[in-house]
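Please read the structure below before turning to the comments.
The values are calculated or read from the model by the stated rules, or taken from the named source; none is laboratory data. Here the structure is a predicted model, which is why all the values come from computation and not from measurement. As a convention, Cβ positions derive from the backbone with ideal geometry for all residues, glycine included, and neighbour counts pool all protein chains shown. With ligands, DNA and RNA removed, areas are computed over all heavy atoms of the protein, side chains included. Shrake-Rupley method; radii C 1.70, N 1.55, O 1.52, S 1.80 Å.
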Amino acid sequence: MAMPLSPWSLRRAGSAGAPALAAGRAGGVKGPGRPAPLLDETLGVVSVPSQWRGVQGIRGETKSCQTASIATAEASAQAQTHADAQIQTETPEPVAVVPVSQHDNPRLVAFLQRVEAMVTRELNKNWQSHAFDGFVVNWTEPQQTVSCLHTLGYPPAQGQGLHVTSISWNATGSVLACAYGRLDDGDWSTLKSYVCTWNLDRRGLNPRQPSVVVEVPSAVMCLAFHPAQPSHIAGGLYSGEVLVWDVSRPEDPLLWRTGLTDDTHTDPVYQVLWLPEPRHSHHFQVLSVATDGKVLLWQGVGAGQLQLSKGFALVVQQLPRSTKVKKPPRGETEVGVTAVAFSSFDPNLFVLGTEGGFPLKCSLAAEVLALTRMPSSVSLRAPVQFTFSPHGGPVYSVSCSPFHRNLFLSAGTDGHVHLYSMLQAQPLTSLQLSQKYLFAVRWSPVRPLVFAAASGEGEVQLFDLQKNSQKPTVSIAQTQDGSPVYCLEFNSQQTQLLAAGDAKGTVKVWQLSTAFTEQGPRETEDLDQLAVEGAT
């Protein structure tokens, strides 16, 4: 039986099997029921595409999907706790109520009717009284402590044994200047000296290294900062010369100087002040006083010169007759000036302290010429109007009250502080603060009844006349060995600060408590009453 050939069999036979097929067909017999003889046939090439090659050509792709954002939530639960507590007190005893006698009611009514008019009258009188006007209740207890904030000094000056002769705060209240010189016996005119300043607000303050150091060829006896220019300082020298420095120019600080002329003081200058010009209040002049008896006003001009604009001279012959000073029959005798203070109420009124112990009331408006032959480029006038009772020795310091036009303080070598009124010669009160000299006294700029004094026993004494009119409220030991304190100044801008300089060349800055800086109720009225009671 012949099997049909599949196409796969034919493909596998190919051309190699063609002869066999041809031979079979030639020998075959055609008969009924037999298939037709095989014929030669050439077929085309059968090809099957490779699936492997297609798979290899597929490029890879990366895909991603994002699920919805996950929501989170926090929850907490607080367990509540309970605590029960009980306390047992004693059973309160009932308060016995005293029954009011019914028989007293008519008498009580009669009493109230009898005193009603009198009580109403007194209540109306109290309501109209002004006795407690301005009274402020202070619920805090004032502290009277005083602490030392800074101890300043310049070692080269201290090494020469120089004293702090004067100190001054600048217009902002942040810079403190001190003058180095000598106040004891000796000729110090050729001794090199210094003016030093410290900025207390500067971070990293070095108490042994001043911010500015100005070398001066003669001992500096006094200095004063300009009232409006924070960097200008006027100073008076032992040689009699007056200088002005600008400490903002440390390379060349000298701004003006008087030079050594006929107008210059011939004795040491003991105090300098800045005064506004009468016609130009924003322009200032320098006033200087010295033991040669002259009070001079200087004005800065070009070429670094201080020019004399006005002058006064004190001679014994022109003092008021009440002054018990020995007057020579002929010739002239100068009255040495050691201190000066101006009134806060009258720009022409000032007080001088003298070597003879007399405080003198003077005026810049004086027109009487001084009987003196002192050489001067301007006419010297006699300023004295009134003489007060003297101290037992030279007056080293005077200070006019900033709260009362007639009151001023003076301190001298007799160890006393005198409180004077401009209206009478005798002091209103006299306080002995030291067995040695008193070198400085200053009114507080904020408390009408507070002042400070510097003693030759090394103390700074603070007085509050509202608390005690005879003894200091606080005594501060400035020096451990009792060396004199020569100068002190309140800070008018930072009112809690008080500076003092001593013979050891040290400046100490003291911080005052509120008891010395906050004005109490009716304090100004108490000062007025003190002036009135002292004058009667």
Work out from phi, with θ = phi - 60° and the Karplus expression 6.51 cos²θ - 1.76 cosθ + 1.60, the ³J(HN,Hα) of each residue of region 515-520, listed in order in whole Hz, and give x for Gly and Pro. 4, 9, 10, 9, 6, x
If the reach is capped at under 14 angstrom between alpha carbons, list the aspartates and glutamates near Lys192, excluding any in the same chain fewer than eight residues apart. Glu215
What is the spin-label model distance, in nm, from Glu533 to Gln160 if the labels are put 7 Å beyond Cα along the C-beta direction? 5.0 nm
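Could you tell me what percent of the accessible area of region 225-303 is made up of carbon and sulfur, with a 1.4 Å probe and every protein chain present?
51 percent
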Pair-distance profile P(r), taking every C-alpha pair of region 409-532, with 10 angstrom steps and integer %: 13, 45, 34, 8, 0
What is the sum of charges, Lys and Arg at +1 and Asp and Glu at -1, for the other residues whose Cβ falls under 15 Å from the Cβ of Ala531? -3
With all protein chains modelled, accessible area of His416 [1.4 Å, Å²]: 40 Å²
Based on the Cβ-Cβ distance of Leu108 and Gln88, what FRET efficiency does E = 1/(1 + (r/R0)^6) give at R0 = 25 Å, to the nearest 0.05? 0.05
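Rule-of-thumb check for region 366-452: C-alpha Rg over 2.2 N^0.38 Å?
Working: Rg = 15.6 Å, N = 87, 2.2 N^0.38 = 12.0 Å.
With N residues counted in region 366-452, Rg over 2.2 N^0.38 Å equals 1.30.
Computed FRET efficiency, Cβ-Cβ of Ser379 and Gln229, R0 45 Å: what is it to the nearest 0.05? Write down the numbers at each step before the final one.
Numbers: r = 30 Å, r/R0 = 0.67.
Taking R0 as 45 Å, the efficiency between Ser379 and Gln229 is 0.90.
Taking 0.36 nm per residue of separation and subtracting the Cα-Cα distance, what length does fully extending Gln435 through Gln493 add? Write out the running numbers ahead of the final one.
Numbers: separation 58, 0.36 × 58 = 20.88 nm, distance 3.33 nm.
Contour length minus Cα-Cα distance gives 17.6 nm.
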Expressed in square angstrom to the nearest 10, the accessible area of Thr495 with a 1.4 Å probe stands at 40 Å²
Keeping all protein chains in place and using 1.4 angstrom, which order do Thr514, Thr266, Thr338 fall into by accessible surface area, from largest down? Thr266, Thr514, Thr338
Sum of side-chain charges, His163 neighbourhood, beta-carbon under 10 Å (Lys, Arg +1; Asp, Glu -1): 0
Where does each of Trp274, Trp256 land when they are ordered by accessible area, with a 1.4 Å probe and the largest first? Trp256, Trp274
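Past the 32 Å Cα-Cα mark, which pairs from Lys125/Lys471; Lys361/Lys436; Lys125/Lys467; Lys467/Lys508? Show your work: numbers first, answer last.
Numbers: Lys125/Lys471 39 Å; Lys361/Lys436 26 Å; Lys125/Lys467 30 Å; Lys467/Lys508 26 Å.
Pairs exceeding the cut-off: Lys125/Lys471.
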